[in-house]
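Beneath this line is the structure, given in structure tokens, with notes to follow.
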Amino acid sequence: MTDAARQRTNMVESQVMTSDVTDRRILLAMGDLPRERFVPEALAPLAYMDEAVPLTPAAPGVERRWLMAPRVFAKLLQLADIGAEARVLDVGCATGYSAAVLGRIAKSVVALECDAALVQAARTTLAGLALDNVEVVEGPLADGAADKGPFDAIVLQGAVSEAPSTLLDQLKDGGRLVAVMRTPGGLGKGMIWRRLGRSLDQWTSFDGAAPELPGFARAPEFVL
């Protein structure tokens, strides 16, 4: 077994399975896909740690992008309850790791990314893995991909500060959106929204922090 393969096994067994993730499709996909190929080469040794991994450098006025921690990502996927025939929107796919995992468990995936360099990186890496059921598209994350929907499931690869109403409108009846909702103090909760006709229900599932996605910050309130 190669070192990377051993790290993948350890990640699944010590981070994912111990967090009550039982969906065998998620476990198999995360145990098979080379996560180290989706991070900057210099950070490949950190690809399997139980924390978010930076994908872009820190820069003034630019929101840094991250690969979500394996435990939080896996719990969101299980919460979404994605069927084998599902059409999924992956919001903030970055370098494409999340889209690759989703491509292993869903029928088709639209992977949305706003950063042109990350879009190209995702397309290149996904093509090398022969995942032909994943389409990477470029555009503002908060706008979603209405022309590609509606979707059975929408997965956000980062935290938001309020319910993403535009994305919720792109769910099929019965469709589910999962994301980490930021709470005061910088903590987070894994949440799910489900469309029921014209209405939505929502509930909190687990505690879990994630870096914030660009374009989803709460609008500042005007105070007299």
Just subtract the alpha-carbon distance of ASP50 and ASP201 from 0.36 nm times their residue separation and send over the number in nm, one decimal.
51.3 nm
With an 8 Å Cα cut-off and a minimum separation of 6 or more residues, compute the relative contact order for segment 34-161 in percent.
25
Over segment 35-177, one equal point on each Cα, no solvent: what is log10 I(q)/I(0) by the Debye formula at q = 0.08, 0.13 Å⁻¹?
-0.19, -0.52
Separation in nanometres of the label points that stand 7 Å from Cα toward Cβ, at ASP132 and SER14:
3.9
Could you put TRP203, TRP193 in order of accessible surface area, largest first, with the 1.4 Å probe and the full protein assembly present?
TRP203, TRP193
Restricting to Cα pairs under 8 Å and 6 or more apart, the percent relative contact order of segment 144-224 works out to 28
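For segment 52-91, compute Rh as the Kirkwood radius over C-alpha pairs and then the Stokes-Einstein diffusion coefficient at 20 °C and 1.002 mPa s; write the answer in µm²/s, rounded to an integer.
174
For ALA117 and ALA84, what does the FRET efficiency come to when R0 = 22 Å and r is the distance between their Cβ atoms, rounded to the nearest 0.05?
Values: r = 32 Å, r/R0 = 1.48.
The formula returns an efficiency of 0.10 here.
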Residues whose modelled amide H sits under 5 Å from the amide H of ALA111, counting only those 5 or more places away in sequence or on another chain, are ASP90, GLU135, VAL136, VAL137
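Given a 1.4 angstrom probe, I'd like the percentage of the accessible area of the chain that is carbon and sulfur, rounded to a whole number. Present the calculation step by step, with values, prior to reporting the outcome.
Working: 5540 of 10530 Å².
Here carbon and sulfur together make up 53 percent of the probe-accessible area.
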Over all directions, average the projected area of the Cα convex hull of segment 102-208 and note it in nm².
7.4
Based on alpha-carbon centroids, what's the gap between segment 58-117 and segment 139-211 in Å, whole number please?
12
For the chain, what is the accessible area per residue in Å² when the probe is 1.4 Å?
47
Excluding same-chain residues fewer than 8 positions from LYS148, which lysines have a Cα within less than 21 Å of its Cα?
LYS107, LYS172
Using the Cα atoms of segment 1-90, I'd like the radius of gyration and the largest Cα-Cα distance, Dmax, both in angstrom.
14.1, 43
Quick calc, SER161 & ALA4: beta-carbon distance into FRET formula, R0 35 Å, rounding 0.05, result 0.50
If R0 = 45 Å, then GLU41 and ALA146, at their Cβ-Cβ distance, give a FRET efficiency to the nearest 0.05 of 0.80
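The values are calculated or read from the model by the stated rules, or taken from the named source; none is laboratory data. No experiment lies behind these values; they were computed from the predicted model shown. Positions of Cβ are generated from backbone atoms using ideal geometry, with glycine treated the same way; all protein chains shown enter the neighbour counts. For accessibility, only protein heavy atoms count, side chains too; no ligands or nucleic acids. Shrake-Rupley method; radii C 1.70, N 1.55, O 1.52, S 1.80 Å.
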